[in-house]
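The values are calculated or read from the model by the stated rules, or taken from the named source; none is laboratory data. The model shown is predicted, which means the values in this text are computed figures rather than measured ones. Counting neighbours? That spans all protein chains shown, and the Cβs are built from the backbone with ideal geometry, glycine included. Heavy atoms of the whole protein, side chains included, go into the accessibility calculation; ligands, DNA and RNA do not. Shrake-Rupley method; radii C 1.70, N 1.55, O 1.52, S 1.80 Å.
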Amino acid sequence: MARRAPRIAFYGGMANNCYLVASQMHALGMDVVHILDHLDRYAISQPIWEDFPLTLAHEQLNATPHWGRVQWDDIARENGWCAPRWVVDPVGYAEECEPDRNLIDSDPDLNAYGPAPADHHKKIIAIMRSCDIVFVSNVHAIILAMMSERPYIICPAGGELMVASGLIRGDGSVGATLELQRRLMIRGFKEAQAVFTNTPFSQHRSLTDGWWNLIRIFGKCRFRRVSLPFATTPPLPKSEKRKLLRNMTDKLGLAPVDTELFVFVPSRIDYRWKGHDRIAEALVGHPDRYKFTLLVAGWGADYTQFREALEPVANIRVMNCALSKPMLRDMYQASDLVIDQLTLGHIGSVAREAAAMGTPVMAWIDEFKWLPRLRPNLPVLNAKTAQDVAGWFACIAAGTVDLVREGEAGRSWIKRYSSPKLMRDALVEEFERAKSANS
């Protein structure tokens with residue numbers, strides 16, 4: 001008898017990870033439901049940001065966490081964008097499900113957390129219970145998945161591990177809530193059907209304050225190395241890249257690029273988590289800087305400081321806005337090189353999105369020669385320090401690095417280790433595993 005395909009609920013707006021997976025799984029014919037996250041109002045966590053070309057100035061982007069759903073609905077209506085039919089707004093959902101009182105009453109932390117902070121939590125739980133398995137990202141989504149009593153998969157964006165490790169703290173009532181969430185996250189990870197992450201287990205220690213917390217808190221959790229899914233596209237010839245780049249600079253009101261190489265830095269400008277200060281240190285005064293143009297997306301905690309420091313430097317431009325995913329994808333295709341983070345030691349979605357288009361990536365991957373690896377890391381120009389960055393640019397300028405070949409190596413890796421079909425197969429496997437455990 002043929003195996004029944006699972007119905008999967010996706011919930012958690014963080015960085016649109018759940019929406020991205022749901023979209024790719026729907027394209028493969030799976031039965032998916034994406035639950036809108038009303039608690040995460042940040043621009044980068046909205047489905048329209050994944051699907052529709054938009055720009056937001058730095059100040060606007062910083063204000064979006066305080067926007068209401070109405071403002072995002074207005075933007076969608078003004079731009080003629082409609083959410084796919086498999087996206088469900090829980091506020092308007094007809095059914096509610098009360099969390100199991102025995103489950104709540106038996107756990108003082110769940111009892112203390114209650115429905116906070118979503119007053120429509122019963123509707124979210126009802127949608128989750130209408131599905132066979134739940135795929136979640138972010139702290140509140142994990143807690144509601146626990147309450148739903150459905151098998152659930154965690155796709156961590158990073159903050160969940162930091163909360164569980166006690167790295168995010170506060171004072172007063174905020175501190176008390178974070179401490180409660182810390183305890184619930186430890187339980188949530190242990191009870192998860194699986195944790196899907198592209199990052200090797202050892203590399204998560206940058207988010208847990210070292211090896212001790214990683215092993216102590218997460219050592220018995222079931223981590224699976226399953227990447228977010230990205231469909232690959234062939235890289236453009238150089239002439240087509242330049243046509244697309246000219247089209248993008250015209251749209252954004254930027255001066256055309258006339259240098260031999262174009263390098264794009266899409267990640268938020270954040271010295272601690274991304275290492276943009278190392279890029280600046282490497283390239284200010286670099287002898288080959290006139291051979292390339294570096295364009296940096298205009299957003300992030302250190303945006304103002306970075307822009308002021310780099311404004312006088314020729315060929316290094318800092319935009320005044322952030323770009324939504326369709327525009328980012330065009331910029332990836334138009335680039336000769338994309339630079340991601342230089343501090344975390346593992347790749348994020350930026351690196352995989354760019355690599356899927358055959359664009360080479362510079363990033364820092366913390367590789368241990370003495371640790372066995374079941375599969376290779378994404379091929380990148382591995383750089384952690386300003387000296388590393390400067391060295392790679394010298395090699396590129398000298399022609400000793402073949403960027404086309406590097407890009408093709410990355411795209412081949414995406415096909416093999418980060419394809420939508422791999423995610424689909426992993427979700428079906430977890431559904432079958434959960435079914436067998438409960439039979």
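Among the residues of the stretch 366-373, are any crowded, with 18+ Cβ neighbours inside 10 Å and either farther than 16 Å from residue 275 by Cα or without any contact (Cβ under 8 Å) to a residue 60 or more places away in the chain (or both)?
Within the stretch 366-373, the first condition is being crowded, with 18+ Cβ neighbours inside 10 Å, and the residues that meet it are none.
No, every residue in the stretch 366-373 fails to be crowded, with 18+ Cβ neighbours inside 10 Å and either farther than 16 Å from residue 275 by Cα or without any contact (Cβ under 8 Å) to a residue 60 or more places away in the chain (or both).
Show me the helices (runs of 4 or more DSSP H) entirely contained within the stretch 132-222 in which 3 or more residues are of a type in the set (A, V, I, L, M) and open to solvent by 30 Å² or more (accessible area, probe 1.4 Å). Write out each step before concluding.
Working: elements: 139-148, 159-164, 172-191, 211-218.
By residue number, 172-191.
Could you look through the stretch 108-131, keep only residues that are surrounded by fewer than 21 Cβ atoms within 10 Å (Cβ to Cβ) and of a type in the set (D, E, K, R), and pick out the one that is farthest from residue 13 (Cα to Cα)?
Residue satisfying both the conditions and the ranking: 109.
Please determine whether any residue of the stretch 401-419 is of a type in the set (A, V, I, L, M, F, W, C), within 17 Å of residue 20 (Cβ to Cβ) and in contact (Cβ under 8 Å) with a residue 24 or more places away in the chain. If you could, list the steps in order and put the result at the bottom.
Within the stretch 401-419, the first condition is being of a type in the set (A, V, I, L, M, F, W, C), and the residues that meet it are 401, 403-404, 409, 413-414.
Next cut, within 17 Å of residue 20 (Cβ to Cβ) only: 414.
Cutting the leftovers down to in contact (Cβ under 8 Å) with a residue 24 or more places away in the chain gives us 414.
Yes, the stretch 401-419 contains at least one residue that is of a type in the set (A, V, I, L, M, F, W, C), within 17 Å of residue 20 (Cβ to Cβ) and in contact (Cβ under 8 Å) with a residue 24 or more places away in the chain.
Can you work out which of the residues in the stretch 64-87 that are aliphatic (A, V, I, L, M) and open to solvent by 40 Å² or more (accessible area, probe 1.4 Å) is nearest to residue 27 (Cα to Cα)? I'd like the intermediate steps shown before the answer.
Going through the stretch 64-87, the residues aliphatic (A, V, I, L, M) turn out to be 70, 75-76, 83, 87.
From the residues that got through so far, the ones that are open to solvent by 40 Å² or more (accessible area, probe 1.4 Å) too are 70, 83.
Details: 70: 28, 83: 15 Å.
That would be 83.
Got at least one residue in the stretch 350-359 being open to solvent by 10 Å² or more (accessible area, probe 1.4 Å), at pLDDT below 95 and of a type outside the set (Lys, Arg)?
Within the stretch 350-359, one or more residues are open to solvent by 10 Å² or more (accessible area, probe 1.4 Å), at pLDDT below 95 and of a type outside the set (Lys, Arg).
Which of the residues belonging to the stretch 281-301 are of a type outside the set (Phe, Trp, Tyr) and under 24 Å from the mean Cα position of the chain (by Cα)?
To start, the set of residues in the stretch 281-301 that are of a type outside the set (Phe, Trp, Tyr) comprises 281-289, 291, 293-298, 300-301.
294, 295, 296, 297, 298, 300, 301, listed by residue number.
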